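So the structure is just underneath, and the comments pick up after that.
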Amino acid sequence: MQVQLKGHSTEKMTCKQVSWIINTEASNHMTRNLSHLHNLRAIYLCPLGLPYRSNIVATKEGSIIFGSDFVLENVLYVPGLSCNLISMSQLIYHSNCTIQLTHNMCVIQNRTSRKLIGDGERQSGFYYFKGIPLIMALKVDKGMSLDLWHQRLGHRSIQATKIISGVDLEKDTENLNKCCDVCQRAKQMRNKFPTSDFRASNAFELIHYYLWGSYRNVSSCGAFYFLTIIDDYSRVVLIYLLIDKNKVSSTLKMFFSIVKC
C-alpha cells in the first residue's frame with residue numbers, strides 16, 4: 001500500500017492568502033476580510049479592545065468555512081486588523097474539539113472521534129493556522145494475503161479485515177477460520193499450567209475452581225459472576241451464581257463444609 005500526504009485543504013479558503021493566528025487571549029474569532037464570511041448578519045454594537053489601539057466596534061458577524069469538519073461560527077468582522085484571529089477558548093467551546101500545543105506546532109482534533117481537523121505551526125512566537133491536512137491512499141496492491149492485512153491492522157477480527165478492497169479472498173479461503181497464535185496469546189491472562197502426572201484417587205481430593213465475570217447482562221437472580229468448581233477425580237462441574245466477587249470466600253467455605261459432611 002502506498003500512502004501520500006497531500007498538504008492542506010483550501011476548500012472555500014481564499015483566506016489562505018491571509019494569516020490566521022490561533023490566539024489564547026482573544027475572546028472571539030475576528031477577521032478583517034468581509035468577503036470570507038458566510039451567512040453574514042448584522043449584530044448589536046460589540047465593543048472590542050485591541051492592543052495599542054483605541055476601542056473599536058464590530059457590527060457584523062458570520063461563519064468561516066475551512067472544511068466540512070472545521071467551521072468557525074460567530075466570527076466578528078473587524079476592519080483594520082493586521083491578521084485574522086482564531087479564539088482558542090471559543091473554538092474549544094463551540095466546535096467540540098481539543099487543542100494540543102507543543103514547542104513548534106498546534107494540533108486540533110475532534111473530541112469524540114479524535115480525527116485531525118486542523119493544525120498550526122509556531123512562528124515568531126505565534127501559532128499560525130496552516131489548514132486541514134489531507135491523507136489520501138493512492139494504491140492498494142491486489143492479491144495481498146488476508147493474514148498479512150490481519151497483522152498490519154493490529155490483529156483485527158477477520159470480519160473487519162475482509163472489508164479491505166485490496167484483499168483477494170479467493171486465495172485466502174483456508175485462512176478465514178485460521179487460528180492466529182498472537183490473538184490467542186493476547187487473550188490469555190496467565191501462562192498455561194505445567195504438565196502434572198498427579199491424579200486424584202478419591203472424590204474431592206483435588207478440585208479446580210475459577211471465577212468468571214463480571215458480565216454486562218445480569219442473570220435472573222441478579223448475579224454478575226459465577227464460580228466454577230471441577231472435581232479432578234469425577235470431573236463433576238458445580239456452578240455457583242454470585243452477586244459480587246467478595247462472596248467467593250464464603251461460597252468456598254460452604255462448599256467445603258458440604259464435602260466434609
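Restricted to region 144-261, the set of helices (runs of 4 or more DSSP H) holding at least 2 residues that are at pLDDT below 80 and surrounded by fewer than 13 Cβ atoms within 10 Å (Cβ to Cβ) comprises 158-161, 181-187. Among the conditions (1) surrounded by fewer than 19 Cβ atoms within 10 Å (Cβ to Cβ); (2) part of a strand (DSSP E or B); (3) not acidic (Asp, Glu), the only one that PHE66 does not satisfy is (1).
Here's the yes/no breakdown for (1) in a loop (DSSP other than H, G, I, E, B); (2) touching a residue at least 60 places away in the same chain (Cβ under 8 Å); (3) not assigned by TED's automatic domain parsing to the domain that holds ASN55:
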site: LEU85; (1), (2), (3): no, yes, no
site: SER89; (1), (2), (3): no, yes, no
site: THR98; (1), (2), (3): no, no, no
site: VAL107; (1), (2), (3): no, no, no
site: ARG114; (1), (2), (3): yes, no, no
site: TYR127; (1), (2), (3): no, yes, no
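The values are calculated or read from the model by the stated rules, or taken from the named source; none is laboratory data. Computed from a predicted model, the values in this text were never measured in an experiment. Positions of Cβ are generated from backbone atoms using ideal geometry, with glycine treated the same way; all protein chains shown enter the neighbour counts.
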